[in-house]
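One structure is given here, and the rest of the page talks about it.
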Amino acid sequence: MAPTISKQDVAHVARLARLALSEEELELYTTQLASVLGHARDIEALDIADVPPTAHPFPLSNVLREDEPRPCLDRDEVLAAAPEVESARFRIPRILSEAP
Amino acid sequence: MSGSPSGSGEGPAALSGLTSLSARAIAAGVRSGELSAAAVLEEHLARVERWEQQVHAFNLVTADAARARAAQVDAAVAAGEDPGLLAGVPVALKDLLCTRGVPTTCSSRILAGWCPPYDATVVKKMAAAGAIVIGKANMDEFAMGSSTEHSATGPTHNPHDLSRVPGGSSGGSAAAVAAGFSALALGSDTGGSIRQPAALCGVVGVKPTYGLVSRYGLVAFASSLDQIGPFARSVADAALALDVISGHDERDSTSLPGEHPSVASRLGRGAEDLRVGVIAELASAEGMAPDVSAAVTDAAEALAATGAKVEEVSVPSVRYGLSAYYMIAPAEASSNLARYDGVRYGLRRDGNDITEMYMSTRAAGFGPEVKRRIMLGTYALSAGYYDAYYGKAQKVRTLMIRDFDLAYSSFDVLLSPTSPTTAFPLGAKTADPLAMYLSDVCTIPSNLAGHPAVSIPFGAGEDGLPVGVQVLAPALGEPVMLQVAEALEAVAPRGEAR
């Protein structure tokens, strides 16, 4: 039996998914996700322990090509879409914090 | 013409003149020089001008680029060249197909104004066939939804009744074709996002076999389920468009290798002696409206009257399709949408460090349905719950493929409703996500199995609005599937309310 989702669970997955949520959103999503997960419980009745999982409709294998030079996306065109650029690189906020 | 509320006389679904022509008629006229692509385009643009404010099928109308392109097509014809199978045919592109230098937003704030640096393969193929892109069609944000109400640019309205939804997520594409804004449109279908809006807007919509059409340049939702396909006002037009966009593409490693036969050339054979199975579990699925159910019964009888062998068939695991889908698709989405991080493109909201920047960017950029699905998927994949939810859902996927294989050992195609109801009022299901998800109950199984399916209009419901009937086929069964769809189209009642 899969457990019901709690508000703490929702706050945890929101953090994992890098989504800042308001208190109101937390309440709302807890109710709504519980309802969807409740519907998904109909699967629990199935005896499928021995059934292999399917991740993809058709068997996939690696697709290789010759390692030949070919044109790639234009760098300036790509960088033009970025929120912040410096010296032909994507500029991002600080990753490491100061030592405490 | 349709007898639906706005289908007769003046209304966005009442077509006339060049906007009522089929894609085949337009292409034939333009290629022979009897029609000019410019004249065809201007009439479609005039219709957009007249009705778009009420319908809101588009996030962007690319009138100037379309005029330039139409002039090129006409010049090519004048120079004795053949511009291609879709010469001068106006098409709408769902706004998740990358168009180089033209905004591609997925109806999301997080991609507002983003101009891709490359074209999707299907966009290149449409252009190479002489089609004229008229605009980028509205959709549920990142293709998550069944009503086109989850759009950052506002909802699309159903051309048959402006107070109702067009379905979704490709609602703008379906509405554009129903309203005569374009003769064809492209959409994408992850759990029914082509077929359900086609049904609700009274047009034809095809979800091809997984891998038949390249996904290169399709903004990803759930990669093992997504497939691009056409909308049209007839089966023959849909087949023509499918022939143009299908084929192996080395840029999509999941695209099927080898040559695939033309589907358009297989039409016109009728359904005589074909074995058609009516899926029992879907005919009585949760929330199935009696008028929709009756339309499927009528369709089955009409096929039998043309010589098809029609019987009921059981595909037991389709009952679990919805539950499996709403674990698998959000799981894949939570992974695919991790790329919207405010670093390389799209929206950025500032933060003191990078995690804060990610969190505020994604909170500001995504709408409520996308956040819901990302969290659902993250939860289904998270430690401790993986086996209970995602793992089980993948096993259900196996069961479904087995059940379909068994059914197709006795039948050439299967038949079901497309959507449990006709178009519902705007706002009716936005507060209850589960109620919205139930709209997809009949369309999801084909995505989980990777099989093709088509929705075609078959009369009207009690409310006078279009009803869609779905024909399903095994992998690469498009020729026989469209053959049966065309036979149904020939005997379909013309929009009289039940």
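Taking B:Tyr389, is it under 29 Å from A:Pro93 (Cα atoms) and within 7 Å of chain A (Cβ to nearest Cβ)? When the stated conditions are applied, B:Tyr389 does not pass them. For beta carbons closer than 8 Å, sequence separation of 6+ or different chains, a first residue in region B:446-471 that is within 14 Å of chain A (Cβ to nearest Cβ) and within 24 Å of B:Arg319 (Cα to Cα) and a second that is part of a helix (DSSP H, G or I) and small (Gly, Ala, Ser), the qualifying pairs are B:Leu448/B:Gly321; B:Leu448/B:Ala324; B:Pro452/B:Ser446; B:Ala453/B:Ser446.
Residue-level check: of (1) part of a helix (DSSP H, G or I); (2) surrounded by fewer than 16 Cβ atoms within 10 Å (Cβ to Cβ), A:Phe58 misses just (1). Among the residues making up region B:336-345, those that are surrounded by fewer than 24 Cβ atoms within 10 Å (Cβ to Cβ) and either facing chain A (nearest Cβ under 10 Å) or in contact with a helix residue (DSSP H, G or I) (Cβ under 6 Å, 6 or more places away or on another chain) (or both) are B:Ala338, B:Asp341, B:Val343, B:Arg344, B:Tyr345. Against the definition (of a type outside the set (Lys, Arg) and surrounded by fewer than 24 Cβ atoms within 10 Å (Cβ to Cβ)), how does B:Ala176 come out, yes or no? Criteria not met by B:Ala176. For region A:51-61, a tally of residues being within 9 Å of chain B (Cβ to nearest Cβ), farther than 30 Å from B:Pro116 by Cβ and not hydroxyl-bearing (Ser, Thr, Tyr) returns 3. For region B:275-306, a residue qualifies if it is in contact with a strand residue (DSSP E or B) (Cβ under 7 Å, 6 or more places away or on another chain) and assigned to a loop (DSSP other than H, G, I, E, B), and exactly one does: B:Met288. Which one is surrounded by the most Cβ atoms within 10 Å (Cβ to Cβ) among residues in region B:276-315 that are of a type in the set (D, E, K, R) and within 26 Å of the chain's Cα centre (by Cα)? So, considering only residues that are of a type in the set (D, E, K, R) and within 26 Å of the chain's Cα centre (by Cα), the one surrounded by the most Cβ atoms within 10 Å (Cβ to Cβ) is B:Glu281.
Here's the yes/no breakdown for (1) farther than 30 Å from B:Thr99 by Cβ; (2) at pLDDT 95 or above; (3) within 10 Å of another protein chain (Cβ to nearest Cβ):
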{"position": "A:Thr4", "(1), (2), (3)": "yes, no, no"}
{"position": "A:Val10", "(1), (2), (3)": "yes, yes, yes"}
{"position": "A:Leu26", "(1), (2), (3)": "yes, yes, no"}
{"position": "A:Ala49", "(1), (2), (3)": "yes, no, yes"}
{"position": "A:Phe90", "(1), (2), (3)": "no, yes, yes"}
{"position": "A:Leu96", "(1), (2), (3)": "yes, no, yes"}
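Scan region B:350-383 for residues that are at the interface with chain A (Cβ under 7 Å from one of its Cβ atoms) and either among the charged types (D, E, K, R) or in contact with a Phe, Trp or Tyr (Cβ under 8 Å, 6 or more places away or on another chain) (or both) and the total you get is 9. Cβ contacts < 6 Å: first residue closer than 23 Å to B:Gly202 by Cβ, restricted to region B:422-436; second residue among the basic types (Lys, Arg) and in a strand (DSSP E or B), any location; separation 6+ or different chain. Result? Pairs that qualify, where the first residue is closer than 23 Å to B:Gly202 by Cβ and the partner is among the basic types (Lys, Arg) and in a strand (DSSP E or B), are B:Ala423/B:Arg164; B:Pro425/B:Arg164. Counting residues in region B:27-43 that are part of a helix (DSSP H, G or I) and of a type in the set (Asp, Glu) gives one or more.
Annotation note: of B:Ser36, B:Ser20, the sole residue that is out of contact with any strand residue (DSSP E or B) (no Cβ under 9 Å at 6 or more places or on another chain), closer than 23 Å to B:Gly202 by Cα and in contact (Cβ under 8 Å) with a residue 24 or more places away in the chain is B:Ser20.
Restricting A:Thr4, A:Thr31 to those that are of a type outside the set (Lys, Arg), over 17 Å from B:Met359 (Cα atoms) and assigned to a helix (DSSP H, G or I) reduces the list to A:Thr31.
Out of everything in region B:272-316 that is of a type in the set (Gly, Ala, Ser) and at pLDDT below 95, what residue ends up being nearest to A:Ile48 (Cα to Cα)? Filtering region B:272-316 for residues that are of a type in the set (Gly, Ala, Ser) and at pLDDT below 95, the one nearest to A:Ile48 (Cα to Cα) comes out as B:Ala285.
Residue by residue, here is whether (1) of a type in the set (S, T, N, Q); (2) touching a Cys at 6+ places or on another chain (Cβ under 9 Å); (3) assigned to a loop (DSSP other than H, G, I, E, B); (4) at negative phi holds:
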| residue | (1), (2), (3), (4) |
| --- | --- |
| B:Asp82 | no, no, yes, yes |
| B:Thr104 | yes, yes, yes, yes |
| B:Ser107 | yes, no, yes, no |
| B:Asp119 | no, yes, yes, yes |
| B:Phe142 | no, yes, no, no |
| B:Ser147 | yes, no, yes, yes |
| B:Ala174 | no, yes, no, yes |
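Does B:Ile132 count as in contact with a strand residue (DSSP E or B) (Cβ under 6 Å, 6 or more places away or on another chain) and either of a type in the set (Lys, Arg) or touching a residue at least 40 places away in the same chain (Cβ under 8 Å) (or both)? Yes; evaluated as a whole, the condition is true for this residue.
The residues on offer are B:Val396, B:Val441, and the sole one that is at the interface with chain A (Cβ under 9 Å from one of its Cβ atoms) and buried (at least 22 other Cβ atoms within 10 Å of the Cβ) is B:Val396. Only one entry in B:Met139, B:Met144, B:Met126 is surrounded by 24 or more Cβ atoms within 10 Å (Cβ to Cβ), under 17 Å from the mean Cα position of the chain (by Cα), aliphatic (A, V, I, L, M) and over 26 Å from B:Arg69 (Cα atoms), namely B:Met144. Residues in region B:399-437 that are closer than 18 Å to A:Leu37 by Cα and within 9 Å of chain A (Cβ to nearest Cβ) were compared, and the one that is surrounded by the fewest Cβ atoms within 10 Å (Cβ to Cβ) is B:Asp432. Taking (1) without any contact (Cβ under 8 Å) to a residue 40 or more places away in the chain; (2) touching a helix residue (DSSP H, G or I) at 6+ places or on another chain (Cβ under 8 Å) in turn, A:Glu44 satisfies each apart from (1).
Restricting attention to region B:317-355, the residues that are in contact (Cβ under 8 Å) with a residue 12 or more places away in the chain and either outside any loop (DSSP other than H, G, I, E, B) or within 23 Å of the chain's Cα centre (by Cα) (or both) add up to 21.
For the condition within 9 Å of chain B (Cβ to nearest Cβ), in a loop (DSSP other than H, G, I, E, B) and more than 30 Å from A:Gln8 (Cβ to Cβ), what is the one hit in A:Leu73, A:Leu64? Checking each option against the conditions leaves just A:Leu73.
The values are calculated or read from the model by the stated rules, or taken from the named source; none is laboratory data. As the structure is a computational prediction, the values presented were derived from the model and not from experiment. Here Cβ is always computed from backbone atoms with ideal geometry, including for glycine, and neighbour counts include all displayed protein chains.
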